[in-house]
1. Take Ala41 and tell me if it is in contact with a Phe, Trp or Tyr (Cβ under 6 Å, 6 or more places away or on another chain), touching a residue at least 24 places away in the same chain (Cβ under 8 Å) and either away from the ligand (no atom under 13 Å from the Cβ) or outside any strand (DSSP E or B) (or both).
2. Of the conditions (1) modelled with pLDDT under 95; (2) assigned to a loop (DSSP other than H, G, I, E, B), Glu86 fails just one. Which one is it?
3. Answer yes or no as to whether Val54 is away from the ligand (no atom under 16 Å from the Cβ), farther than 22 Å from Asp221 by Cβ and surrounded by 13 or more Cβ atoms within 10 Å (Cβ to Cβ).
4. Do we find that Tyr14 is assigned to a helix (DSSP H, G or I), open to solvent by 80 Å² or more (accessible area, probe 1.4 Å) and more than 16 Å from the ligand (Cβ to nearest atom) in this structure?
5. Suppose the filter is part of a strand (DSSP E or B) and open to solvent by 30 Å² or more (accessible area, probe 1.4 Å); does Asp221 pass it?
6. From the list Arg107, Arg46, which one is modelled with pLDDT of 95 or more, in a helix (DSSP H, G or I), surrounded by 13 or more Cβ atoms within 10 Å (Cβ to Cβ) and within 16 Å of the ligand (Cβ to nearest atom)?
Amino acid sequence: MFTWFNGKHDFLQYVTQIKSYQLEAERYLSLQQEVPGYCGACRRVRNFTVNSGVYFGTLPNLREGLVCECGLSNRNRLIYSAVALEVEDHADVQIAILERISILYKRLQETFPEIIGSEYIGERVQGGTVHTVSGISVRHESITELSFSKCSLDVIVHNDVLEHVFDYKKALEELYRVLRKGGTLIFTCPFFFRLERELQKARILADGSLELLMEPEYHGDPINAQGALTFYHYGWGLLDDLVRCGFRDVRVGVNYDVFAGLVSNNHPEYEYGNMLPLIIRAVK
Ligand SMILES: [Zn+2]
């Protein structure tokens, strides 16, 4: 069940309320190898492998962990739950997700056969063209230059992409453009609940070169073995950026549910780095 927030004040109250429960539950979970839990995609109790091999020091990253037997991690089940909630009872809904070779795409495609998946293949690749990656036919889409027609999608989803996009405001404009009136944007990104404005960690200069403003941070990328560079740590200003693009009902949704394996990332620095299982939702 999602609890929705449109600003920092109410969110901080919620954080204060659940903090002791959260920390004790996650301390317990991080000491287990495997726990039973309800998977929203499998729609039954299954076993979750707690540690997926991603760590903060010695602590397992539970956002990438708590992996169901079906392959979906905590973060993937969170996105799955948000999409399922959005699409519930609607027939003929055109959904696009900006990933294709992931287990999340596969699980969503089983439930929503018409979903369109894509990956960012590389620079100077024509949007909408199909390429073979790991033996799979993959459509290329760049979030800052989508090939979808204006007002053509009911739901568009991306999952930990935006922090890797230098011109993220262009990306938000594109996401707005391709949605139908009343259509919904649903996404995750690392969200730092104490930050008002985003923290910029790197930038691309006019000559195309990269300037690091801080210690570089790379995340796993299914297409690029080097990983993807993080340009931003986002905070509440991201909601204002969405409003400026024209989106309405811009909210942060938290789905904290220990038995469903939807918990925080387990980051040891609670005030900066700890992330609840949250999505951002905005309506055109
Ligand atoms: Zn499952």
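1. Yes: the conditions hold for Ala41.
2. (2)
3. No: the conditions fail for Val54.
4. no
5. Spelling it out, it is not the case that Asp221 is part of a strand (DSSP E or B) and open to solvent by 30 Å² or more (accessible area, probe 1.4 Å).
6. Arg107 is the lone residue from the list that is modelled with pLDDT of 95 or more, in a helix (DSSP H, G or I), surrounded by 13 or more Cβ atoms within 10 Å (Cβ to Cβ) and within 16 Å of the ligand (Cβ to nearest atom).
Here's the yes/no breakdown for (1) touching a helix residue (DSSP H, G or I) at 6+ places or on another chain (Cβ under 8 Å); (2) open to solvent by less than 60 Å² (accessible area, probe 1.4 Å); (3) within 28 Å of Gln109 (Cβ to Cβ); (4) touching a residue at least 40 places away in the same chain (Cβ under 8 Å):
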| site | (1), (2), (3), (4) |
| --- | --- |
| Leu153 | yes, yes, yes, yes |
| Arg177 | no, no, yes, no |
| Lys181 | no, no, yes, yes |
| Ile186 | yes, yes, yes, yes |
| Leu195 | yes, yes, no, yes |
| Arg203 | no, no, no, no |
| Leu210 | no, no, no, no |
| Phe231 | yes, yes, no, yes |
| Arg248 | no, no, no, no |
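Per-residue answers, yes or no, for (1) basic (Lys, Arg); (2) within 15 Å of the ligand (Cβ to nearest atom); (3) touching a Gly at 6+ places or on another chain (Cβ under 6 Å):
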{"position": "Leu59", "(1), (2), (3)": "no, no, no"}
{"position": "Cys68", "(1), (2), (3)": "no, yes, no"}
{"position": "Val87", "(1), (2), (3)": "no, no, no"}
{"position": "Gln94", "(1), (2), (3)": "no, no, no"}
{"position": "Ile97", "(1), (2), (3)": "no, no, yes"}
{"position": "Ser102", "(1), (2), (3)": "no, yes, no"}
{"position": "Glu119", "(1), (2), (3)": "no, no, no"}
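The values are calculated or read from the model by the stated rules, or taken from the named source; none is laboratory data. Quick caveat, the model's predicted, so the values are computed rather than measured. All Cβ positions, glycine included, derive from the backbone under ideal geometry; neighbour counts span all protein chains shown. We work out accessible area using only protein heavy atoms, side chains counted, and drop any ligands, DNA or RNA first. Shrake-Rupley method; radii C 1.70, N 1.55, O 1.52, S 1.80 Å.
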